[in-house]
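Engineer: This structure is in structure tokens; I'll ask about it shortly.
The values are calculated or read from the model by the stated rules, or taken from the named source; none is laboratory data. Small disclaimer: the values here were computed from a predicted structure and weren't measured. Glycine also receives a Cβ, built like all others from the backbone with ideal geometry; neighbour counts cover every protein chain displayed. When the accessible area is computed, the model is the full protein with side chains, heavy atoms only, and any ligands, DNA or RNA have been set aside. Shrake-Rupley method; radii C 1.70, N 1.55, O 1.52, S 1.80 Å.
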Amino acid sequence: MTGESSDDNDRDLILSMRMDAMLNSSPASFLSIVGALIAVYVYWTPSVAFGLIAWLTCIVAVALTNLLSTLLYARGLPSGWNARSWARFVCVMHLLSGLTWGVGGGWMLSFANEHQALVTVSIGLAAVTVSIPSVVHLPAYNLFQLPIFWSYAVGALFSSLQFGWPIAIGFFLLGAFAIVIGRVLGYQLATALRLSIENRRLAQHLAERSAALEVANRELEIESHTDPLTGLANRRRLMSFARALRGRCAVMILDIDHFKSYNDTFGHVEGDACLVTVAKTLIGSVRPEHDLVARLGGEEFAVVLSDVGQEGALERAEAIRANVQALQTSGPQRLRRRVTVSIGVSTREADRPKSLSDLMEEADAAVYRAKSEGRNQVCFDDRPQAQDVA
């Protein structure tokens, strides 16, 4: 059922594209008025004046209706009409137009002299040529072409022209060949329209896949630089951020004191909750637009501060230590007991270049010293900066 529904949608879409092509070419109907005026001028005599005026009136009425239909179609009127409704209307108008041109032209050929016949044939062939775009909708094309060719054939057959019967045969054969040619061209155009629809769908599908791939790549990029538990930067992101820094900066390494005991006592779920809580505290204690907080692994974290000297780094480290220590009593997060951190700090001055590995090594040595001297303190260059032993 899904395949049948898709085929129906394709047919409706192709029909709508055909109507777009046909109705947008309707302004060419104005040329039919010009051709009809020329024919009336060439054939005008009192004996046929009434017939010429009646024929001209029909030509003008059909042309104006076609022009009006183009305006209505462009505005989506009537609102209840779909592509099939317009297709039926177009077929009716092409039949009326073909009959008007065919019957009128055949009638004029029946009493035309050689010069008048030449004008009639020229105008009729011009009308047929102008209508070739209607081959996009084969029924309408045939309903216009055949009445003209075969009515001209009848008119030439009953005329007094010297070569009336060969002309009649020629028009009859032209009508037959018009059907064959129209069928071939119509099939090719229909195939082109189907390919256009498939290409449009393919382009849309590729655009959707490209957008999905772009989102997936962004997510993968985020995941490749993010710790899955805490949402902090991981070691890779830390290294990239620190290496991009120029001038003075500071690196902190923080270790949660007695975390193994916390984890063993309350379980891994509570241990993970503790890590997340500490991570949020670290983020809230730095400048997110300038600094970076990362999880190195386990209960170990790192903070990189940009454009800060030794004094400022130590003040920030002490603030972080105090904020973590105060979590159990002042923080909204869940902690089962008081948690503290030991922090090691290293800095780089603008006039004394120092590599990232040197900064990490110094900070790591400083945090090791902080833990060995009682924990819950900040150390810089192996010198304790705060004491509040857990």
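Engineer: When the helices in the chain are scored as -39500 (n - 2.57) per DSSP H run of 4 or longer and the sum is shared across all residues, what 222 nm value do you end up with, to the nearest 500 deg cm²/dmol?
Structural biologist: Value at 222 nm, helices only, nearest 500: -23000 deg cm²/dmol.
Engineer: Give, rounded to the nearest 20 debye, the magnitude of the charge dipole that the chain has about its Cα centre when Lys and Arg contribute +1 at Cβ and Asp and Glu contribute -1 at Cβ.
Structural biologist: 920
Engineer: When the gyration tensor of segment 294-361 is built from Cα positions, what are the square roots of 5 times its three eigenvalues, in whole Å, from largest to smallest?
Structural biologist: Ellipsoid semi-axes (Å, largest first): 28, 14, 8.
Engineer: So with the 1.4 Å probe, I'd like the accessible area per residue for the chain, rounded to whole Å².
Structural biologist: Details: 21000 Å² over 390 residues.
Value returned for the chain: 54 Å² of accessible area per residue.
Engineer: Based on Cα positions only, what radius of gyration and what Dmax would you give for segment 42-172, in angstroms?
Structural biologist: Gyration radius and largest Cα-Cα distance of segment 42-172: 16.3, 54 Å.
Engineer: For a quick check: with amide H placed at 1.01 Å from N, whose amide H comes under 5 Å from Leu296's, ignoring anything fewer than 5 positions away on the same chain?
Structural biologist: Phe301, Ala302
Engineer: ³J(HN,Hα) across segment 140-155 via Karplus (A = 6.51, B = -1.76, C = 1.60, θ = phi - 60°), whole Hz, x for Gly/Pro?
Structural biologist: In residue order, the calculated couplings are 5, 4, 5, 5, 8, 5, 5, x, 5, 4, 6, 5, 5, 4, 5, x Hz.
Engineer: If you roll a 1.4 Å probe over the chain with all protein chains in place, what percent of the accessible area is carbon or sulfur?
Structural biologist: Details: 12770 of 21000 Å².
Ligands and nucleic acids excluded, carbon and sulfur reach 61 percent.
Engineer: Given Ala250, Asn66, Gln116, which one lies farthest toward the positive end of the charge dipole of the chain, if we put +1 on the Cβ of every Lys and Arg and -1 on the Cβ of every Asp and Glu?
Structural biologist: It is Gln116, whose Cα lies furthest towards the positive end.
Engineer: Per-residue accessible area for Lys280 at 1.4 Å probe radius, Å² rounded to 10?
Structural biologist: 120
Engineer: Okay, next question. For segment 202-260, state the semi-axes of the equivalent ellipsoid (square roots of 5 times the eigenvalues of the alpha-carbon gyration tensor), sorted largest first and rounded to whole angstrom. The partial results should precede the final answer.
Structural biologist: Values: eigenvalues 258, 62, 6 Å².
Values for segment 202-260, descending: 36, 18, 5 Å.
Engineer: With point charges of +1 on the Cβ of Lys and Arg and -1 on the Cβ of Asp and Glu, referenced to the Cα centre of the chain, which listed residue (Gln188, Gly106, Thr129) lies farthest in the positive direction of the dipole?
Structural biologist: Positive-most Cα among the choices belongs to Gly106.
Engineer: Turning to a different aspect of this structure: Over all Cα pairs of the chain, how is the pair count split among 20 Å bins, expressed in % and running from 0 up to the last occupied bin?
Structural biologist: Percent of pairs per bin, in order: 21, 25, 10, 16, 18, 9, 0.
Engineer: Kindly identify segment 160-290 as rounded, prolate or oblate by the Cα gyration tensor criterion: order the square roots of the eigenvalues as a ≥ b ≥ c, call it rounded if a/c is under 1.5, otherwise compare a/b with b/c, prolate if a/b is larger, else oblate.
Structural biologist: Here segment 160-290 falls in the prolate category.
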